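The values are calculated or read from the model by the stated rules, or taken from the named source; none is laboratory data. Bear in mind that the values here come from a model prediction, so they are computed numbers and not experimental data. So basically every Cβ, Gly included, is an ideal-geometry build from the backbone, and we count neighbours across all protein chains shown. All accessible areas refer to the heavy atoms of the entire protein, side chains included, with ligands and DNA or RNA removed. Shrake-Rupley method; radii C 1.70, N 1.55, O 1.52, S 1.80 Å.
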Amino acid sequence: MGNNTYPPYFNLTMFVNIGTCRYPTFVLCLLLYALIVLANFLIIVVISQEKTLHEPMYFFIMCLSINSLYGSAGFFFRFLRDLLYDTHLISRSACFTQTYVIYSYASYELTLLGIMAYDRYVAVCQPLHYHNKMTSKLVSKLVTFAWIYPAFSVGTCVYLASRLPLCGNKIPKVFCANWPIVKLSCISTVINNLVGMLVSTTTVFLPLAFVLYTYARIFLICRKRSSEFKAKVIQSCLPHIITFVNYSITVFCDVALSRIDLENLNPFLAVILSLEFVVIPPILNPLVYGLKLPEIRKLILKMLSGPKPDKQTKSHK
């Protein structure tokens, strides 16, 4: 086949011509990205430096923040550049790199949420065995699995897509994605579809089903316990539930958008729905955990207020 079946550039067609509004939009998105970086970095610093937070639940929260920095960097660096340019061509290598980063970020998020659900399940349903089960060794194994398997599975999908001869180079999104590239193929994509279904099942649907199962068990336990116990469970689990529900909605929107003709939608609506997938979770997660968990909230407020003057110094003055 000729070289034209492997286009050197892809064209991101969902950028709307916003004229002079591009500069305020750029500033707004830059501030949003700065807020994402600041909020997640603050969570990482607080948890890593405070010894009282060196527990499995907080370690998983820190992993979520690290993943948010990873995924948002893969999206915003290119997106901010495209806001200022009239053409939105992206090289083949950069496109597949961005595809890998964004979708491995999504897979990491889901596997981490699944692990966090197991942690909450053991804490609520088997509290006497929590420290025996959630050992540092098990936590290390779970987090390692949460990083390695998505990296391998998403990498396989991206590699198979990169080997396809293509009959076009237009991607109807504001960032590179695997399925729109596969749809440009000039040949059968049966293998890509089968691998994609397997990866989607293991990295999306299984973690989601596991989270639903664990919270069903937690709900059944809470029905038989006191109101004080229920209040503690809600305080502990609510941030994870909010994160899970939010991410489920964003994943559903991205899957739905990849299966329909985006060019027939209102362009602003299509862009907003596309942005939801890579923007809302990285900004919502640190806000939810920072505001809802009192241990983190107190330490953040203490850090932001600065060190208090020593009593001896005050008396000396």
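In table form, for the structure just shown:
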| read-out | value |
| --- | --- |
| Scan of the stretch 171-199 for residues that are outside any loop (DSSP other than H, G, I, E, B), touching a residue at least 24 places away in the same chain (Cβ under 8 Å) and not aliphatic (A, V, I, L, M), ordered by number | Asn178, Trp179, Pro180, Asn192, Gly196 |
| Counted residues, the stretch 138-183 - those being under 18 Å from Ile102 (Cβ atoms) and open to solvent by less than 50 Å² (accessible area, probe 1.4 Å) | 23 |
| Flag for Cys21 being assigned to a helix (DSSP H, G or I) and modelled with pLDDT of 85 or more | no |
| Residue count, the stretch 35-53 (criterion: open to solvent by 50 Å² or more (accessible area, probe 1.4 Å), touching a residue at least 60 places away in the same chain (Cβ under 8 Å) and within 19 Å of the chain's Cα centre (by Cα)) | 1 |
| Wholly enclosed helices (runs of 4 or more DSSP H) of the stretch 57-163 bearing at least 3 residues at pLDDT 90 or above and more than 25 Å from Ala216 (Cα to Cα) | 92-125, 136-162 |
| Members of the stretch 78-135 that are β-branched (Val, Ile, Thr) and within 24 Å of Pro7 (Cβ to Cβ) | Thr87, Ile90, Thr97, Thr99, Val101, Ile102 |
| Some residue of the stretch 75-82 being in contact with a Ser or Thr (Cβ under 8 Å, 6 or more places away or on another chain) and either of a type in the set (Val, Ile, Thr) or buried (at least 16 other Cβ atoms within 10 Å of the Cβ) (or both) | no |
